[in-house]
Structure formats: structure tokens, C-alpha cells
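Working notes for the structure below.
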Amino acid sequence: MTQTRLRFVMGDQLTRDLSALADIDPGRDVVLMVEVAAEARYVPHHQQKIAFLLSAMRHFAESLRAEGIRVDYVTLDDPANSHSFSGELARAVLRHAPASIVITEPGEWRVWQMMRGWADALDCPVDIRADDRFFCARAEFAALAKARKTGRMEFFYREMRRRTGILMRAGGPEGGQWNFDPENRKSLPRGLRPPARQRFAPDAITRDVLTLVAARFGDHFGDLRPFGWGVTRADALQALDHFITDCLPNFGDYQDAMKSGEDFLYHSLISPYLNCGLLTAREVCTRAEAAYLAGDAPINAVEGFVRQILGWREFVRGVYWTEMPGYAQTNHLNATRDLPALYWTGQTPMRCMADCIGTTRRHAYAHHIQRLMVTGNFALLAGVDPAQIEEWYLAVYADAYDWVELPNVHGMVMHADGGRLGSKPYAASGAYIDRMSDYCKGCAFDPKIKLGARACPFNYLYWNFLIENAAILSPNPRMALPYRTLAKMPPEQRAAITHSAAAFLSGLPAWPKAAALPDAPELT
Ligand code: FAD
Ligand code: DLZ
Ligand code: SF4
């Protein structure tokens, strides 16, 4: 009899076309899937994130079995479970004595390091295959980097448009320009209600998982219930349909808007599905392009959406794999402050922070501008240690894996990479949040006041950040404008800013002290 090949599929590889499942022979091969506590605990993942992944894994295993494929599935409550990938592979090798182990390369450097030791440790050949679910292969990005075509996201993105033909017409960009971002910065007009979002009622498998997660990880951050994420490919396709029909037409206009009580606005909510493999980037971009070609969504919306996936998502992955492991080690702005407890408690009188952390707690989700311009901006201005804020982002979002979280936080938010990802830090004062949201109305602080007890902390923290980092940031031509303004400030004003910031920051560890989290909005 021909010897078994063991096909090892991890939780973010739930794609039937995965390279590790190509050429599978149901008569000979076994798929191995393992639920292990190490993956839930290497950072303390949000309870909904763990439940989402475990339920999606169990449903994926069912769908393979329905095809007649043998699946060896180790559950979290299996008494013999060693609770690590390496330990479970070792046990599976003893069970199946395979001729080889077939795997798709992982999404995280941490697992990549483990994986490279498996052939020797298990004394079994390991066939590691490329993850071809991305538009740009790791080697292709490295080659583009050598050819100096990956310096900035925008040029990489244009190259990807040309290579894929997505949103291209007669060799040029559809709509006559590559980027419609300037049209995509509207705040939400009063009276415009975003559509109710589709959520998925837990089935028996998900209900079992919810019970398991509550018992084992009930001490982790985040509400476990209500749980509304889809957990199958059919669910994910339904969520995509709903987005394309009901939200995409307005996605561009209100991409940067924030509103309390509106956790999702017109965003797609598909990142957890994309990142665990239930949707592919190609099908998502194709669907959005088709909506544009059919006249169902305007170009600013469709281009804005495609840019996030074909541009940003591919770009951050490329940067991650070409720059790791050194990428995670840099700390360009020498930031060292401990992560304030308010990130876990959500208790703060700053309404914007309380709202964004509340959304995160309720859904294991916050949209991009909340992550970038509220919780991210605050960590940047407060000088939080990059490693600590990175761990928070990796733990709390259902879509977070190191390859995508790290460049966004280390690079885009914290500028800890010295500008590899973005040419300048996205630092902003309270005026930005006031313009793009309704958070400031009803906040204990006032975005128009610059100093003093009622001043919005983002105001003096912003100028203090510029003062503290002047030696590093002022030579950057893209920072010339704020540094010119700073240069015109009288010394006593600068001293007052420094004083207010120091007083605020030294009081931060004493928070939480006020403001309960906002009530959950209704989900339908
Ligand atoms: P939409 O707004 O509908 O966008 C569509 C899709 O574009 C997303 O699903 C996502 O796949 C992609 N996308 C958009 N922006 C980015 C980006 N900057 N990088 C990569 N992909 C992008 N995204 C993650 O998938 N995982 C993370 O761990 C993650 N961490 C982030 C941390 C910070 C500090 C910031 C600023 C952004 C982070 N992002 C992350 C990017 C982005 O915020 C999320 O992809 C997005 O909010 C997911 O919600 P959505 O599906 O509704 O996205
Ligand atoms: C995030 C996660 C969690 C919580 N649990 C598991 C698990 O039990 N089994 C599994 O295969 N994957 C899990 N994952 C996703 C992994 O962390 C992810 O596949 C790796 O980080 C990829 O590099
Ligand atoms: Fe946030 Fe400042 Fe506005 Fe309050 S005033 S909501 S702290 S930006």
C-alpha cells in the first residue's frame, strides 16, 4: 500500500484551493487540523477571534469530509492534546507514519521558524509550498523590491493594477486616474443611516465552540456573545454579496468617517474571512470591479476598495516577508511607555477612545480609521512601546495575524520602522477627529481648547510629540509645515504644552477612573 501523505492545514488556511491541498489523493492522504491552546495564548486573543477560528476550522473539516477526504481533527478538549503545532504534528506522525508532510507556508514569522525545524525534529520530509492566495508572491515582491518598485505603496499598487489588469482600460487606469482618495474623506451627513449589517446566527457547531471558549478563555479580552460572524465559505460569500450590494456604493465617500453607535458604517467586514481563507482576494476584487462595470458602484468607491486589497494588503505582506525578522526590532522614535490599561478596560473620559475600544470589545472589529487615527494615533502621541501596542492589536481583532498587523502598527501607526511603510507618521490633533466624527460632542474634553483641564488631550499631545521628536522628524520634508508652525510658537506656549502633556501622561497609569463603555448598538 502507498504510504500516507499528511496534509497539515492551519486555522488561517481554510481554502479548498490551498497549495497544501492541491493534488490530494483521498485514497492515500490524510488532512491534519489541530486546535491548540498555544495559538490562542501566544497573545491573549479576543474571545470572539478564538471562537471564529475554531468554528471555521470545524466547518472546514466537515466540508472536506463531505468530499470523502479523511480528516484527522484534534479538538481543544482532547485529553492527549499537547497544545502546540509541533507537539501535535509529532503525535500525528506516530499515528500515520506518513511518507511526507505537506504544508503551505504560514502567515507568521513565528510559525515559519517552527516549520523550518520540523523535517529534522520529526524525521520526516516536509514539503513547504508557497501560499498562492495572494496576488504578489513573496519572491515576486522581493524581486520588485530589488528593482526599487516597492518603495511606496502607491507605485507598487499601480504596478499591481498593470500586472493584474484590474480596473484598467486601454493600458491606463479606469476613470482616468489611479487614485480617487481625495474624494473619499467625507464625514457622515446627519440623517444618513448606514444599512443594518448581516450577522449569522450560531449553529450547533458554533454553539459548542462558544461553550468551549467561554470555559477555557473566558478571562481573555472581549465579549464572546452576541457572536455574529460567518464561519463557512457560504457565509463569507453571503457577507461579500451584502457588502457589494448594500455598502460598496457609499464605501468611498465615507471610508474615513466615524460615528458613535455606528460600528460598521459602509465597511466590508470581510477581513476575518479573507485572512483565514474563506474568501480570496482575487474574487473580492473581481466582484467589486464587476459592480463598477455594471454601473452599480462609482469609481471612487470601487477604486478605493480595490486599493486596500490589491495595494495595501499585498504591500504590507511584501514588506513583512522581505524585512522580517529585523522589521519587528526597530524603534525609530525610541518610544518606551507602557501600554495604558485603558486599552484593555476601555475606561476613559476620552469619548473617541472609549467608543473605538468599545467597538473592539463588542465585535473583535474596528474599522480602519478608528484603528489608525484614534487608538493608533493616541499610542503614537503618547510614545507607547511599539511591542506592547503591537501585541494589543494582534490580540483584539478577528482579522489580526502578524504579517498584516505588524506592518500596520509598527510602520503605519508607530513609525517605528523609520518610514519604510509610510513617509511620515499619521499624527493628528483633536481637530481631525472632530472633523471626521461626532465623538467630540458629549466628550468631557473640547477639541477647540488647546491647553488646560478641558483641552482635548490629542491637542497638546500632538505638539508635544513634535517637540520631543524634533531631531528625528523635522528634517523630513513632509513634516515641514507643522515644524514651521511650531517654530513660530512663543517659548512660553511650548513650555505650557510640554507641561500639560507631562501632567497628562504621568496620570495615565492611574486610569481607569471614569466613563463606562458606550452601549452596544443594535445588530440585526
Ligand atoms: P474595509 O475597510 O472594508 O477594507 C477592505 C479590505 O481591505 C479589508 O478587509 C482588508 O483586507 C483590506 N485592507 C484595508 N486596509 C488595509 C491595510 N492597511 N492593510 C492590509 N489590508 C487592508 N487589517 C487586517 O486584515 N488585519 C490586521 O491585523 C490589521 N491591523 C491593523 C492595525 C492598524 C493599526 C491599522 C491602522 C490597520 C490594520 N488593518 C488590519 C487594516 C484595516 O484596518 C483592516 O483591514 C480593516 O479595518 C478591516 O475591516 P474591513 O474588512 O471592514 O475593511
Ligand atoms: C489564531 C488561531 C487560534 C486562536 N487557534 C488556532 C488553532 O487552534 N489551530 C490552528 O491551526 N490555528 C489557530 N489559529 C491561527 C494560527 O495562529 C495561524 O494559523 C498561524 O499563526 C499561521 O501562521
Ligand atoms: Fe477625542 Fe478629544 Fe474629541 Fe474628546 S475632544 S472625543 S478626546 S478628539
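The values are calculated or read from the model by the stated rules, or taken from the named source; none is laboratory data. These figures come from a predicted structure and were not determined experimentally. Counting neighbours? That spans all protein chains shown, and the Cβs are built from the backbone with ideal geometry, glycine included. Accessible surface areas use protein heavy atoms only, side chains included; no ligands, DNA or RNA. Shrake-Rupley method; radii C 1.70, N 1.55, O 1.52, S 1.80 Å.
Assorted remarks:
- Measuring nothing but protein heavy atoms, the accessible surface of the chain at 1.4 Å probe radius is 53 percent carbon and sulfur.
- Values of log10 I(q)/I(0), in the order q = 0.16, 0.19 Å⁻¹, for region 74-122 under a Debye, Cα-only, solvent-free model: -0.49, -0.69
- Calculated accessible area for the chain comes out at 40 Å² per residue, all protein chains present (probe 1.4 Å; ligands, DNA, RNA ignored).
- Of the trypsin sites (Lys or Arg not before Pro) found in region 394-497, those that fall in a DSSP loop while having at most 11 other beta-carbon atoms within 10 Å are Lys441, Arg454.
- Think of the chain as having a plus end and a minus end, set by charges on the Cβ of Lys, Arg, Asp and Glu; of Val409, Gly318, Tyr439, Tyr439 sits farthest toward the positive end of this dipole.
- Taking amide H atoms as placed 1.01 Å from N in the peptide plane, the amide H of Arg7 lies under 5 Å from those of Val30, Val31, Leu32, Val102, each 5 or more residues away in sequence or on another chain.
- Farthest toward the positive end of the dipole of the chain, out of Gly358, Tyr327, Ala453, is the Cα of Ala453, where the dipole comes from beta carbon charges about the Cα centre.
- Global geometry of region 249-306, whether rounded, prolate or oblate, following the gyration tensor of its Cα atoms and the 1.5 cut on a/c: oblate
- Calculated from backbone phi, Karplus (6.51, -1.76, 1.60) coupling profile of region 140-146 in Hz, x at Gly/Pro: 5, 5, 4, 5, 5, 4, 4
- With contacts taken as Cα pairs under 8 Å at a separation of at least 6 residues, the chain carries a relative contact order of 17 percent.
- Tensor-based shape of region 128-232 (alpha-carbon gyration tensor, a/c under 1.5 rounded, otherwise prolate or oblate): oblate
- Leu481-Arg216 FRET efficiency (beta carbon distance; Förster radius 45 Å; 0.05 resolution): 0.30
- Cα centroid of region 89-133 to Cα centroid of region 46-65, whole Å: 21 Å
- Centroid-to-centroid separation of region 442-503 and region 356-413 [C-alpha atoms, Å]: 23 Å
- Computed about its Cα centre, the charge dipole of the chain is approximately 1460 debye, with only Lys, Arg, Asp and Glu carrying charge at their Cβ.
- What the phi angles of region 490-498 give under the Karplus curve with 6.51, -1.76 and 1.60, with θ = phi - 60°, is a coupling list of x, x, 5, 5, 4, 5, 5, 4, 4 Hz, glycine and proline written as x.
- Cα-based equivalent ellipsoid of region 5-129: semi-axis lengths in Å, sorted from largest, via gyration tensor: 20, 18, 14
- Prolate/oblate/rounded label for region 342-506 (Cα gyration tensor, a/c 1.5): oblate
- Cut-off 14 Å between beta-carbons: net charge of the residues surrounding Ile369, Lys and Arg +1, Asp and Glu -1: -3
- Summing +1 for each Lys or Arg and -1 for each Asp or Glu among the other residues whose beta-carbon sits under 12 angstrom from that of Ala130 gives -2.
- Geometric descriptor of the chain, per residue, is 158 Å³ (volume of the convex hull of the Cα atoms).
- Available extension along the chain between Ala387 and Asp208 is 61.0 nm, counting 0.36 nm per residue and deducting the alpha carbon span.
- Of the GluC sites (Glu not before Pro) found in region 32-131, those in coil by DSSP whose Cβ has at most 12 other Cβ atoms within 10 Å are Glu67.
- Each residue, Asp127 and Ala503, gets one label point 7 Å from its Cα in the Cβ direction; the gap between the two is 6.8 nm.
- Ile103 accessible area, 1.4 Å probe, all protein chains in place, Å² to nearest 10: 0 Å²
- On the basis of the beta-carbon distance and an R0 of 35 Å, Asp78 and Ala139 show a calculated FRET efficiency of 0.40.
- Candidates per trypsin sites (Lys or Arg not before Pro) in region 145-220, loop by DSSP, up to 11 other Cβ within 10 Å: Arg148, Arg190
- Centroid-to-centroid separation of region 296-322 and region 185-258 [C-alpha atoms, Å]: 20 Å
- Glu174 sits among other residues whose Cβ lies under 13 Å from its own Cβ, and their net charge, with Lys and Arg +1 and Asp and Glu -1, is +3.
- Degrees between helix 281-293 axis and first principal axis of the chain (Cα, 0 to 90, nearest 10): 60 degrees
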